[in-house]
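Quick notes on the structure that follows.
The values are calculated or read from the model by the stated rules, or taken from the named source; none is laboratory data. Worth saying up front: this structure is predicted, and the values here are computed from it rather than measured. A quick note on method: Cβ atoms are made from the backbone with ideal geometry, for glycine too, and the neighbour counts reach across all protein chains shown. In case anyone asks, the SASA skips ligands and DNA or RNA and just uses the protein heavy atoms, side chains included. Shrake-Rupley method; radii C 1.70, N 1.55, O 1.52, S 1.80 Å.
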Amino acid sequence: SREIKKAIDKIPGFRAVLTRDGDYYVSFNRRLQIARENNASLFISVHADAAKNRLARGGSVYCLSTSGASSEAARILANNENLSDIIGGAPSGEGNNQSDEIILNMFQTNTINLSKTFATGLLDQLGRVHTLKYPVYHQAPFKVLKLLDVPAVLLETAYLSNAQEERMLKKTSFHKTIAQAVALSVSD
């Protein structure tokens with residue numbers, strides 16, 4: 001994430017903000033609040049994946065789905081990610097006082113469509129430098145992507161549970177390669 005920030009900050013007119021800069025938990029609501037406070041134009045949630053199958057490998061990109069997951073793997077991943085708020089001790093309610101459901105739906109549909117457009121470009125750039133788990137983005141109801149007016153994606157960079165990818169994740173050169181791919185997609 002720090003390398004992604006550095007790469008994005010080098011793009012004229014762009015500035016990246018981290019929701020945290022250390023190994024501590026930040027609730028979903030706080031992450032979204034930080035994005036709003038900084039008038040974010042894009043939100044990228046960066047992760048390293050893990051699976052029981054130690055041969056699983058590759059990067060992947062997810063967008064918000066309001067109706068469920070696009071695959072069983074996306075559903076399982078979203079359930080596990082959404083549980084981290086509970087494990088981290090954050091309150092679970094995300095009350096919404098928006099009364100006009102039609103306008104809310106229009107905003108959310110537009111934001112999801114922008115997220116999908118970005119996700120497609122991100123996968124293109126990521127696929128040039130790293131193995132992809134899936135050649136297309138998947139959708140799941142990730143809480144961390146529920147920004148009404150900010151396009152958002154969840155990026156799984158590689159698998160910690162795969163010995164080869166774990167070694168890659170420890171290398172600064174891999175961080176910089178992934179960061180450059182993300183920055184190029186942001187610029188595009």
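What to note about this one:
- The selection criterion, being under 17 Å from the mean Cα position of the chain (by Cα), surrounded by fewer than 15 Cβ atoms within 10 Å (Cβ to Cβ) and not polar (S, T, N, Q), does not hold for Arg31.
- Subset tally (residues that are in a strand (DSSP E or B) and farther than 18 Å from His175 by Cβ) for region 19-46: 1
- Residue in region 119-129 that is out of contact with any Phe, Trp or Tyr (no Cβ under 6 Å at 6 or more places or on another chain), part of a helix (DSSP H, G or I), β-branched (Val, Ile, Thr) and at pLDDT 95 or above present: yes
- Selected residue (only one of Ala16, Ala78, Ala74, Ala90 is at negative phi, at pLDDT 90 or above, open to solvent by less than 40 Å² (accessible area, probe 1.4 Å) and among the small types (Gly, Ala, Ser)): Ala16
- Applying the condition of being in a helix (DSSP H, G or I) and of a type in the set (S, T, N, Q) to region 93-118 and asking which residue is modelled with the lowest pLDDT yields Asn105.
- Among the residues of region 147-169, those identified as within 17 Å of Asn38 (Cβ to Cβ) and open to solvent by 40 Å² or more (accessible area, probe 1.4 Å) are Leu148, Asp149.
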